[in-house]
Amino acid sequence: MNNKLGCICLAMKILETEQKLITERDLGLKFVSKSRKIDTIPFMLINIETQKPFTVYYKGIPTPYFRLEKMNEETCCAVLSPLEAIDMDGNAVELCETVYSLKKTDKCIIVVLSCFCAINPLPPELVNKPLPSIEPKC
């Protein structure tokens, strides 16, 4: 196993473990509670050849954001679901600067992790983040 393959595969395994922890974790705190369930650590993968984020099209718009569904350590392949980038108005966007929330999708792809040289995890709070409500002035 070469270093890059092992490194990305290990990083995805750690991400899988941490994603399971945040999904199953119930701290049982008396005064602190999570306002909503967090079960995803979103991330981007960097293509080994282009050194740019790997993207797929969802509803005709490219997205570099993914959720790990499962992985096979023996083959170092992963099943990912694309996350749809949404702006503050609830519209799908492709520019990173305008992303307010990431919405889960019901689509999946299988990737070979040796095609990637880096993983960029993002805050779990971005996933299904509620849109802001704007109150009219009195």
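Coordinate-derived values only; no laboratory data. All values reported here derive from a predicted model rather than from experimental measurement. Using ideal geometry, Cβ is built from the backbone for each residue, glycine included, and neighbour counts are taken over all protein chains shown.
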**Asked** Among I109, I48, which comes first, then next, by fewest other beta-carbon atoms within 10 Å?
**Response** I109, I48
**All Cα pairs of the chain, percent lying beyond 25 Å** = 33
**Message:** Over the chain, with a Gaussian network built from C-alpha contacts below 10 Å, which listed residue (K103, K13, K52) shows the highest mean-square fluctuation?
**Reply:** K52
**Fill in**
Listed by chain and number, the residues whose amide H is under 5 Å from that of N128, excluding neighbours fewer than 5 places away on the same chain and using placed H, are L102, K103, K104
**Message:** With angles folded into 0 to 90 degrees, how steeply does helix 3-24 sit against the dominant principal axis of the chain? Use alpha carbons for both and round to 10.
**Reply:** 30
**Fill in**
Which residues qualify? For L83, with a placed amide H closer than 5 Å and at least 5 residues away or on another chain, they are Y65, F66, R67
**Prompt:** Arranged from highest to lowest average of other beta-carbon atoms within 10 Å per residue, in what order do the peptides 68-75, 124-131 appear?
**Reply:** 124-131, 68-75
**Asked** Tally Lys/Arg at +1 and Asp/Glu at -1 over every other residue whose Cβ is under 14 Å from the Cβ of C77; what's the total?
**Response** -2
